[in-house]
Amino acid sequence: MKQQIKPNVHKHLIGLTGGIATGKSTVTNYLATQYQLTILDADIYAREAVSLGSPILNQIATKYGENILLADGNLNRMKLGEIIFQKPQEKIWVENMIHPYVRNCFEKAINELSANILVLAIPLLFEAKLQSLVNEIWVVYCSHEQQLQRLIERNNLSPAQAIARINNQLSLTEKIALADVVLDNSGTVASLFQQIDIIMKNYHK
């Protein structure tokens with residue numbers, strides 16, 4: 001039986017983050033289906049930022065050349081990824097283009113939505129300095145070995161490519177230290193869901 005959350009007086013904004021391939025989507029899917037929470041996804045906003053014909057995509061193409069685009073004019077994400085994960089200064093440039101757009105999307109949605117609890121799924125919550133958008137931070141983690149293996153399998157990467165992507169984020173240890181809630185996803189999915197259920201009981205007032 002699905003549980004309903006009793007509305008709170010004040011809007012509660014949960015920032016969900018973690019390392020790449022640690023299980024953030026598993027958590028957001030469960031919160032959406034089991035608790036009917038509204039999920040705002042930074043990855044969706046980031047894709048919108050560089051959508052076909054967008055000003056940001058045009059600036060990226062101007063900087064890196066037309067070969068950064070696919071035949072249909074969309075961004076070649078793999079090619080851009082190879083650039084930014086190998087050259088930190090290029091990563092900073094791209095993020096300075098995209099992060100303000102993502103922040104604006106979050107702020108607009110927070111102001112427009114009537115839900116009392118919103119989950120902001122932001123992989124780069126700390127890196128993009130978006131903590132001010134939320135009043136509680138959840139971090140999902142697993143072991144480094146699990147993270148590496150999941151990323152290699154999910155994105156079809158070489159170990160070196162996967163390690164480069166992991167190292168481009170703030171370490172999980174640092175993220176855990178900054179969290180209000182820590183979810184351990186090194187075990188079974190059932191164990192992860194059980195942790196979420198225990199936490200969610202705090203919202204039943």
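Values quoted throughout were computed directly from the atomic coordinates according to the rules given, and no laboratory measurement underlies them. Note that the coordinates shown come from a computational prediction; the quantities given were computed from them, not determined experimentally. Every residue, glycine among them, receives a Cβ derived from its backbone with ideal geometry; neighbour counts consider all protein chains shown.
Within the chain, which whole H helices from DSSP have a Cα span along their axis of at least 15 Å and a mean Kyte-Doolittle hydropathy of 1.0 or more, if any?
Working: long enough: 24-35 (16 Å, -0.55); 88-112 (35 Å, -0.72); 144-155 (16 Å, -1.76); 189-200 (16 Å, 1.39).
Once both thresholds are applied, what remains is 189-200.
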Radius 15 Å from Cβ of Tyr101, net charge of other residues (Lys, Arg +1; Asp, Glu -1): -1
Segment 12-203: translational diffusion in µm²/s, Stokes-Einstein, Kirkwood Rh over Cα pairs, 37 °C, 0.692 mPa s: 186 µm²/s
Trp93-Asn156 pseudo-label distance in nm [points 7 Å out on the Cα-to-Cβ vector]: 2.9 nm
Length added when fully stretched, Ala61-Lys79, from 0.36 nm per residue minus Cα-Cα: 5.3 nm
Among Leu133, Asn167, Gly53 - extreme Cα towards positive end, dipole of the chain, charges at beta-carbon: Leu133
Point-charge dipole on Cβ atoms (K/R +1, D/E -1) for segment 76-132, about Cα centre, debye to 20: 120 debye
Helix-only mean residue ellipticity at 222 nm for the chain, each DSSP H run of n ≥ 4 adding -39500 (n - 2.57), per residue, nearest 500: -15500 deg cm²/dmol
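What's the extension gain from Ala32 to Asp72 if we count 0.36 nm per residue and subtract their Cα-Cα distance?
11.0 nm
Provide the percentage of antiparallel DSSP beta bridges, counting only those with both residues in the chain; round to the nearest 5. Walk me through the numbers before you get to the answer.
Details: 1 of 19 bridges.
Counting DSSP beta bridges with both partners in the chain, the antiparallel share is about 5 percent.
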